[in-house]
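The values are calculated or read from the model by the stated rules, or taken from the named source; none is laboratory data. Every value quoted in this text rests on a predicted model; they were computed, and no experiment measured them. Here the Cβ positions follow ideal geometry from the backbone for every residue, glycine too, while neighbour counts run over all protein chains shown. Side chains are part of the model used for accessible areas, which takes the heavy atoms of the whole protein and leaves out ligands, DNA and RNA. Shrake-Rupley method; radii C 1.70, N 1.55, O 1.52, S 1.80 Å.
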Amino acid sequence: MNNPVPVLTLDGPSGSGKGAVGQLCAQKLGWHYLDSGAIYRALAYVVRQAGLDAGDVEAVVQRAEDLKMECLPNPPESAVIMVNGENVDDRVRNEEMGRLASRLASIPAVRAALLRVQRRARQAPGLVADGRDMGTVVFPDAHRKFFLTAGAGVRAERRYKQLKVKGFDGSLAALFEAIQERDTRDAQRAVSPLKPAEDATMLDTSDMSIDEVVSRVLDRVIH
Ligand code: DC
């Protein structure tokens, strides 16, 4: 049966602007917001805390099934990640945890376990979902789909600014490389790779402000 609750999906690589844009669109529409990357980061946190090996698939999947996390919208910054009621944002919004999240995200059984959690977020009056496979796998029947891109240098600079606020003291060059490596893994994995849905609208945000992207997206949702 068709699900009548509308979904707007925003997929794209890191630094493409989907987090800020997604939260602002959700706020303006009065819809719920799903930061699917936060779910993978929360799992990375739990796995790290438990001292598990990322290769121990059975144990990692068990943690994915038991995951208790929530995300508090915080636009235009990224949403705040809570695990078991504790704010773990400072510990998971860094490239090291991004890399672990990306590694865990390449395990098919982990993705399957997290699919249900993500689909549960589809609640009336609507959902804005951001990630890598929102339009292709998680919500293939979404009403509007966007794939945001931006030049690699622009994306690294955006991430650099976001992380600086959180006390990051690494170099832009190292961050650029880490992001490239993560995007390559996300795009080349066998299950749910980062790629635009066939019916997605492509939007290069390199030279656009967040507000410009938000109005372009909302224009398509409302009309
Ligand atoms: O959006 P983000 O940087 O917080 O995501 C962290 C990692 O989680 C990303 O490198 C790959 C994974 N991810 C995924 O595989 N599928 C999603 N829908 C969202 C994130």
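The table below lists the values:
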quantity: Only one of LEU72, LEU52, LEU10, LEU29 that is within 14 Å of the ligand (Cβ to nearest atom) and of a type outside the set (S, T, N, Q); calculated: LEU10
quantity: Number of the condition not met by ALA42 [criteria: (1) more than 14 Å from ALA105 (Cα to Cα); (2) more than 11 Å from the chain's Cα centre (by Cα); (3) within 12 Å of the ligand (Cβ to nearest atom)]; calculated: (1)
quantity: Residue that is nearest to GLU77 (Cα to Cα), among those in region 16-52 that are part of a loop (DSSP other than H, G, I, E, B) and open to solvent by 10 Å² or more (accessible area, probe 1.4 Å); calculated: GLY17
quantity: Subset of region 177-193 that is touching a helix residue (DSSP H, G or I) at 6+ places or on another chain (Cβ under 6 Å) and surrounded by fewer than 17 Cβ atoms within 10 Å (Cβ to Cβ) - its residue that is farthest from MET134 (Cα to Cα); calculated: ARG185
quantity: Residues (within 11 Å of the ligand (Cβ to nearest atom) and open to solvent by 10 Å² or more (accessible area, probe 1.4 Å)) located in region 130-165; calculated: ARG132, THR136, VAL137, ARG155, ARG159, GLN162
quantity: Options LEU104, LEU127, LEU114: the member that is under 16 Å from LYS18 (Cα atoms), open to solvent by less than 10 Å² (accessible area, probe 1.4 Å) and either touching a Ser or Thr at 6+ places or on another chain (Cβ under 7 Å) or modelled with pLDDT of 95 or more (or both); calculated: LEU127
quantity: Any hit, region 194-210, residues being surrounded by fewer than 13 Cβ atoms within 10 Å (Cβ to Cβ), within 14 Å of the ligand (Cβ to nearest atom) and closer than 21 Å to ALA101 by Cβ; calculated: no
